[in-house]
Structures are given as structure tokens and as C-alpha cells.
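Chemist: A single structure is presented below for examination.
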Amino acid sequence: MKKMNVCVVGTGYVGLVTGTCLAESGHRVVCVDSDIRKINMLEKGKIPIYEPGLDKLVLKNKKAGRLFFTRRIAEGIMHDGHHADVAFIAVGTPPRSDGSADLSFVEKVAEEIAQAITQYTVIVEKSTVPVETGEWIAKTAARFVRKNVEFDVASNPEFLREGSAVTDFLKPDRIVIGTSSERAAKVMNDVYAPLKSPILFTDTKSSELIKHASNSFLAAKISFINAVSALCERTGANIEDVSRGMGMDKRIGASFLKAGIGFGGFCFPKDLEAFYWIARKKGYDFDLLRNVKEINEDQKMWTVHKAEEELWNLGGKTVAVLGLAFKPDTDDMRFAPSIDIIKSLHERHAIIRACDPIAQENAKELLKGYDVTFCKNVYDTVKDADCIMLLTEWDEFKNMDLKKVLKLMRHPIMLDGRNVFSPEQMRKLGFIYKSVGRP
Ligand code: NAD
């Protein structure tokens, strides 16, 4: 393999995983972040996010002298006599108030990379960005780069999932690289060669569209099955059988056909919005994406509506919220359905008790100003509860002692937003048990 010099700007969920995994595959990697707290932690071998398996890999590659951290982009580009062959931009692209992607972090980093490079470098957009961002990065870099220093821009969207990010990065279904430059394509090929995964080369705009279209398609699949689950609830059909029957058709596929309380997280909601917005900007009204979002907004309130069906007014009633992260194995609370659910319980003056094995500290930050009692474990949370809302399918909740839970509650109502338990068994135990789309 050819050992490459890699700079990754942004050490969040994507940047840190990208940098660490590229070091693991043998390259020399410098990770950069403007957040000094993160860099200090990483230099001490601690990781600022929860991602299974990542801490061990960071330590291993730091020790092996393949992984370095700094706060300054210039030092990331020229580090200890090694000039970067590739500079990844992996900073956030959060939504603006109109739903479009805020690309100001990407622009700033493109500018700083261009100022720092002194030899040919491939500038890679790893962040999820709207189509045509590559052109903007190229224009920006051209304005700031030194005379006679060449560069190319490539798009290389990331498809990892939080919770299984390391495996997803090291063993992807496909790697997408978008560039019009053969020189850049060759460099990118050398970067990814050790992974031995299929690489799809496209032009930059197609690559950018692949990411937005993929995430929006997956979000649409989730909203579709959730809409079908609503019909199941109105007719007595069982969504699990319906999903199984649909998923056995190879044209449809079984994944992302699980009914629940809707999608959340840093990617699907914002990418769906940003995709809608860029389509509109380009003169195409992608209304389907609006519907996907609306179905999801309704679905998030499933547990609240079910609680009202059982308990009438929620004011003064105690609700035990089990799970805050948008899915298990992550501490990421950004756009988690639990936030909207808790806000709506708060509006209804419910007494809210909540716990999450990993995301609790991040949740506390986001829910400042809302009256929530954060508890240390399941049993503490369900004490004297009028109902349980199960929002994240952590193993801790799947394996809880249900008889003990039942004894601790005031009323035995369990609203299972993730279809974790068997309705028959739960009813046999004595729960008033409701799950999504199942009789
Ligand atoms: P994040 O917020 O966890 O990390 C972004 C990092 O960039 C932060 O640590 C921040 O301090 C740093 N940063 C911001 N401006 C900087 C600057 N000027 N210089 C240096 N560092 C700077 O975000 P994330 O979840 O890693 O997402 C990054 C991008 O990847 C987004 O576009 C996102 O949509 C995309 N993406 C995310 C995921 C995911 O699962 N989180 C998956 C695929 C793609």
C-alpha cells in the first residue's frame, strides 16, 4: 500500500472516525479541531464522544505514531515535515432556520486549507453538503491559495452510522468519490485502497446528490412504514408481519422497515430539509420530502397520544421516559425524538422522570429549562410512574426486570415506541401494553 499523509479537519462523529480509521489502515493522519477541549482530551487519549470501539483504535494509532491532533489547520497540513496529500473537511453543516444547510464552517475551513497548502493537495468534502458545494469550495480555495500551488476538490460523502461507525467506515458497502480530476481520483484511490471495498467514481455533483438522495430515501422508507403502521392500528393488522412480507421482496429489502416513533439524529432530519431546500432553489418542488417530514413529525408524538388515550389529561401524572438518544449505542442527542416528546409532556404539565445509559449528560444540556428529573437507572425512573414511554431500545431496557418494574409503578401502562417486547407476554405479566402498529 502507498502510505499517504492525511489531514482531517473536524474531530466530531465523522472526522474522528475517518481520521482514526485511515490511520488504522496505515496512513499518517493529523486530526484538527478548533475546539481546544476536544483536542486536549484526544491528546490525553480520551475521546470526546461515545462510539463503541473508537477509544481503543485512537490509543493504538496514537501509540503507533500514525495519529496526531492539533488545533491549527496549518499544522494539520504541514506536520513534522510531512505535507498532507489530502485534506478532509469534516465539520458540521447544521440547518439554518429555513432548513437550508449552513455551509459557513465548510467555507471557513476551505479558506484556511487553501492558505496553508504549499504543494498539490486534494481538498475533500466529507461533510454532507448540497449539490454544487464542490464548486464553491473550488472557487473559495482558488481565491486564497498561494501562487503556483495546485489543488483539486473531491466529494467523498460519508455513510457511517453512529453506534457502528468504526465497522461502517472500515467495511463500507461502497465508497463514493466524486471528482473531475484524474489526478485527484488517483490520490483518493490510494487513500482508500487498504479498505478493499468497492469504489464508485462519479463527477462531483452526482456524488453530492448520492448522499442527500440516499439519506432522504432511507428517511422516506421509515416514514412509509410508519404510515402503514397507523393503518395497522386502525384495522387490527400487525405491522411486523406486513414489514416481513414486504421485506422478503428483494426489490424492497428488509432494512429500514421497522415501525417506531420516527427518525431523528444529526443526519436524516437535516439532510431531508437541506435536500428539499436545494431542490427548490434549483426550481424543483420535491414535495414528497415534505410528506416524509410531516409523517415523521406526527409519528414522534405517538407515545404522547397513546398516553392521553390511557390517562386522559397528563397534567400531574408521572411519565417515565426510558431512553433519550435517538438510537442505542450513541450519546448523540441532536434532533432526538425524545426532545420533542419531553417538550410536549412539559407543555401538558406532566411530571417527567427520565434516564439514558449514555446520552443523559448531553440530554441535560439540551433540556435545560424543562422540568425533568434525570434518574440513575430504570427502577429509579419508573418509581410511582403512571406510564412508561420506551423511546430507545438500549439493552439495559430490553433486559429490565419487568416484574420489579410493574411493582414500582403506580399504573402499569407501558407505551413501547420501539416494539421491543411481545404484546402477549406483556399483557400476561399485567401491563397495559401499547406498541406501534401491533394489536
Ligand atoms: P460534529 O458536530 O460532531 O463535528 C464537527 C466538528 O467540527 C466539531 O468538533 C467542531 O468543533 C469542528 N469544527 C467546526 N468548525 C471548525 C473549524 N473552523 N476548524 C476546525 N474544526 C472545526 O459533526 P459530525 O456529526 O461529525 O458531522 C460532520 C458532517 O458529517 C456533517 O455534515 C454531517 O451531516 C455529516 N455526517 C454525519 C454523520 C453522523 O452520523 N454524525 C454521518 C454521515 C455524515
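Chemist: Give just the number: which of (1) in contact with a Ser or Thr (Cβ under 7 Å, 6 or more places away or on another chain); (2) within 25 Å of ASN362 (Cα to Cα) does ALA87 not satisfy?
Modeler: Unmet for ALA87, out of (1) in contact with a Ser or Thr (Cβ under 7 Å, 6 or more places away or on another chain); (2) within 25 Å of ASN362 (Cα to Cα): (2).
Chemist: Shifting gears a bit: Which one of the conditions (1) in a strand (DSSP E or B); (2) of a type in the set (A, V, I, L, M, F, W, C); (3) farther than 29 Å from LYS327 by Cβ does ALA185 fail to meet, given that it meets all the rest?
Modeler: If we test ALA185 against (1) in a strand (DSSP E or B); (2) of a type in the set (A, V, I, L, M, F, W, C); (3) farther than 29 Å from LYS327 by Cβ, just (1) comes out false.
Chemist: Looking at PHE374, PHE326 in this structure, which one is assigned by TED's automatic domain parsing to the domain that holds MET426, hydrophobic (A, V, I, L, M, F, W, C) and within 20 Å of LEU272 (Cβ to Cβ)?
Modeler: PHE326 is the lone residue from the list that is assigned by TED's automatic domain parsing to the domain that holds MET426, hydrophobic (A, V, I, L, M, F, W, C) and within 20 Å of LEU272 (Cβ to Cβ).
Chemist: May I pose another question? Taking the range 35-77 only, how many residues are polar (S, T, N, Q) and away from the ligand (no atom under 14 Å from the Cβ)?
Modeler: Residues flagged as polar (S, T, N, Q) and away from the ligand (no atom under 14 Å from the Cβ) within the range 35-77 amount to 1.
Chemist: Restricting to the range 332-364, give me the number of residues that are surrounded by 22 or more Cβ atoms within 10 Å (Cβ to Cβ) and hydroxyl-bearing (Ser, Thr, Tyr).
Modeler: Total meeting the criteria: 1.
Chemist: Among what's in the range 12-26 and is of a type in the set (Val, Ile, Thr) and farther than 9 Å from ALA165 by Cβ, pick the residue that is nearest to the ligand (Cβ to nearest atom).
Modeler: Ranking the qualifying residues of the range 12-26, first place goes to THR18.
Chemist: Next question, about the same structure. Would you confirm, using the coordinates I've provided, whether GLY245 is without any contact (Cβ under 8 Å) to a residue 12 or more places away in the chain and open to solvent by less than 70 Å² (accessible area, probe 1.4 Å)?
Modeler: Considered against the rule, which asks whether it is without any contact (Cβ under 8 Å) to a residue 12 or more places away in the chain and open to solvent by less than 70 Å² (accessible area, probe 1.4 Å), GLY245 comes out as yes.
Chemist: Given the conditions (1) over 29 Å from ASP332 (Cα atoms); (2) in a helix (DSSP H, G or I), report the number of the one that LEU200 does not fulfil.
Modeler: (2)
Chemist: Further question: Out of all the residues in the range 398-429, which are part of a loop (DSSP other than H, G, I, E, B) and under 15 Å from ASP386 (Cβ atoms)?
Modeler: Scanning the range 398-429 gives MET409, ARG410, HIS411, PRO412.
Chemist: Anything in the range 313-331 that is within 26 Å of SER100 (Cβ to Cβ) and buried (at least 24 other Cβ atoms within 10 Å of the Cβ)? List them, or say none.
Modeler: If the condition is that a residue be within 26 Å of SER100 (Cβ to Cβ) and buried (at least 24 other Cβ atoms within 10 Å of the Cβ), then PHE326, THR330 are the ones that fit.
Chemist: Would you point out the residue of the range 78-114, among those that are away from the ligand (no atom under 12 Å from the Cβ) and within 22 Å of PHE266 (Cβ to Cβ), that is surrounded by the most Cβ atoms within 10 Å (Cβ to Cβ)?
Modeler: Filtering the range 78-114 for residues that are away from the ligand (no atom under 12 Å from the Cβ) and within 22 Å of PHE266 (Cβ to Cβ), the one surrounded by the most Cβ atoms within 10 Å (Cβ to Cβ) comes out as SER100.
Chemist: Further question on the same structure: Among the helices (runs of 4 or more DSSP H) confined wholly to the range 207-312, which include 1 or more residues that are closer than 20 Å to ARG96 by Cα, over 20 Å from the mean Cα position of the chain (by Cα) and more than 16 Å from the ligand (Cβ to nearest atom)?
Modeler: The helices (runs of 4 or more DSSP H) meeting that bar are 268-281, 287-300.
The values are calculated or read from the model by the stated rules, or taken from the named source; none is laboratory data. Because the structure is predicted, anything quoted here is derived from the model rather than measured. Every residue, glycine as well, gets a Cβ built from its backbone with ideal geometry; the counts of neighbours run over all protein chains shown. The accessibility values were calculated without ligands, DNA or RNA, using every heavy atom of the protein model including side chains. Shrake-Rupley method; radii C 1.70, N 1.55, O 1.52, S 1.80 Å.
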